[in-house]
Amino acid sequence: QVQLVESGGGLVQAGGSLRVSCAASGGGLSSYTMGWFRQAPGKEREFVASITLSNGVTRFADSVKGRFTISKDYAKPTTYLQMNSLRPEDTAVYYCAATWRYPAPVVKAYDYWGQGTQVTVSS
């Protein structure tokens, strides 16, 4: 069983930066892909980014490419989502997720979820 806990959300002005973290616990983590999703009010949960822990391969949604980066720290183990040049449309609850299956960028591909952390970008 994998447990995920997000932290680091908050309020930031447009153009600013924020880093959210996902602390993971459980067995077999090195074989997982860690993903970040977000859900804005009235919208469906959408894929943001992912990183496969075994080989470091990353994937990003087109809407965040060039602005967001994802990284991992095996020692903790923690996954980070660094968000730069934030826009008001990035406002959402950000969720960390994990999967040991093929990491398609969709909600149903992920098996474990954190509780979410709110990110608000003011204009």
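So the values come out like this:
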| read-out | value |
| --- | --- |
| Gaussian network model of the chain, springs between alpha carbon atoms under 10 Å - residue of TYR74, TYR32, TYR112 with greatest fluctuation | TYR74 |
| GNM top mover of ALA75, ALA109, ALA61 - the chain, alpha-carbon springs below 10 Å | ALA75 |
| 5 angstrom amide H check on THR91, placed H, neighbours 5+ away | VAL121 |
| Distance cut-off 16 Å, percentage of C-alpha pairs in region 13-52 lying past it | 56 |
| Extension gain from GLN13 to ASN55, taking 0.36 nm per residue of separation minus the Cα-Cα distance | 11.7 nm |
| Residues of region 29-108: accessible area per residue with a 1.4 Å probe, Å² | 51 |
| Fully extended contour minus Cα-Cα distance, from ALA104 to GLN1, at 0.36 nm per residue | 35.0 nm |
| Kirkwood-based Rg to Rh ratio, region 1-103, C-alpha trace | 0.95 |
| Fraction of accessible area attributable to carbon and sulfur, the chain (%, probe 1.4 Å) | 50 |
| In nm, spacing of pseudo-spin labels at SER30 and GLN115 (7 Å Cα→C-beta vector) | 3.1 |
| Trypsin sites (Lys or Arg not before Pro), loop per DSSP, at most 12 other Cβ atoms within 10 Å - longest free stretch of the chain | 1-42 |
| Rough spin-label spacing in nm, given labels placed 7 Å along Cα→Cβ, for ALA40 and ASP73 | 3.0 |
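The values are calculated or read from the model by the stated rules, or taken from the named source; none is laboratory data. Keep in mind that what you see is a predicted model, and the values were worked out from it rather than measured. Here Cβ is always computed from backbone atoms with ideal geometry, including for glycine, and neighbour counts include all displayed protein chains. To get the accessible areas, we keep the full protein, side chains included, count just its heavy atoms, and leave off ligands, DNA and RNA. Shrake-Rupley method; radii C 1.70, N 1.55, O 1.52, S 1.80 Å.
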